[in-house]
1. Would you check if there is a residue in segment 78-100 being of a type in the set (D, E, K, R), assigned to a helix (DSSP H, G or I) and surrounded by 24 or more Cβ atoms within 10 Å (Cβ to Cβ)?
2. Name every residue in segment 129-171 that is over 17 Å from Gly109 (Cα atoms), among the small types (Gly, Ala, Ser) and either open to solvent by less than 60 Å² (accessible area, probe 1.4 Å) or in a helix (DSSP H, G or I) (or both), in order of residue number.
3. Hey, Gly109 hits all of (1) part of a helix (DSSP H, G or I); (2) out of contact with any Gly (no Cβ under 9 Å at 6 or more places or on another chain); (3) free of Cβ contacts under 8 Å to residues at least 60 places away in the same chain; (4) more than 27 Å from Ser67 (Cα to Cα) but one; which does it fall short on?
4. When you check Gly75 against the structure, is it farther than 25 Å from Val156 by Cα, at pLDDT 60 or above, open to solvent by less than 40 Å² (accessible area, probe 1.4 Å) and touching a Gly at 6+ places or on another chain (Cβ under 7 Å), yes or no?
5. Based on this model, can you work out whether Arg126 counts as open to solvent by 20 Å² or more (accessible area, probe 1.4 Å), in contact with a Pro (Cβ under 8 Å, 6 or more places away or on another chain) and of a type outside the set (Val, Ile, Thr)?
6. Looking at (1) part of a helix (DSSP H, G or I); (2) over 20 Å from Tyr146 (Cα atoms); (3) open to solvent by 40 Å² or more (accessible area, probe 1.4 Å); (4) modelled with pLDDT of 60 or more, find the lone condition where Pro65 falls short.
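The values are calculated or read from the model by the stated rules, or taken from the named source; none is laboratory data. Worth saying up front: this structure is predicted, and the values here are computed from it rather than measured. All Cβ positions, even for glycine, are placed from backbone atoms using ideal geometry, and neighbour counts span all protein chains on display. SASA here: full protein model, heavy atoms, side chains in, ligands and nucleic acids out. Shrake-Rupley method; radii C 1.70, N 1.55, O 1.52, S 1.80 Å.
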Amino acid sequence: MEVSVYRRWQLMLYLVLYSVVCSTPMDRLPTASAGQTSSDGVVPGWPPATDESLAAAMAGAKADPTSAGAHARLGNALFSRGDIASALLSFNTALKLNPHNSEAKTGKGAILSRKGELASAEKLLREALPQSPEPVRIHYELGLIYQKSGKLNQAVVEFKEGISKFQQGKR
């Protein structure tokens, strides 16, 4: 499928707008072409967790090992630091405790996307979307999946939706 130069520029514009709306520099947005990768070649997630936030997430999961939310928060902290294997383990633990945990589905979907498992990632993210109080990240991740798949029209739709949700006060 031949994609017009105009459509490529439109997609880049939405990535830039997303960066501005979310107050995240373009080089900090997780993309398949980002320079930083983990030991298994996967691009880390959102901006790296601080030592304090990682310690708090670990303490939360240790204090309440039956909390799916605590394991999902730990997974996000680990993912953002580039510890993909441990993050995936935390997300899987969260999903075993609560199969409907949208934060864990979102995190696991982002990891699967970075690993190139686009169909599985899209399925998880689509399942998480209606349940999530924070849909902006999900729309962004879906946009990246469609961009990697060459479905630029769908990518633009997802980026626009993410920006719209952000403007409505959602995260």
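1. No, because not a single residue in segment 78-100 is of a type in the set (D, E, K, R), assigned to a helix (DSSP H, G or I) and surrounded by 24 or more Cβ atoms within 10 Å (Cβ to Cβ).
2. Passing the criteria: Gly150, Ser164.
3. (4)
4. Considered against the rule, which asks whether it is farther than 25 Å from Val156 by Cα, at pLDDT 60 or above, open to solvent by less than 40 Å² (accessible area, probe 1.4 Å) and touching a Gly at 6+ places or on another chain (Cβ under 7 Å), Gly75 comes out as yes.
5. Answer is no for this residue.
6. Only one criterion in (1) part of a helix (DSSP H, G or I); (2) over 20 Å from Tyr146 (Cα atoms); (3) open to solvent by 40 Å² or more (accessible area, probe 1.4 Å); (4) modelled with pLDDT of 60 or more is unmet by Pro65, namely (1).
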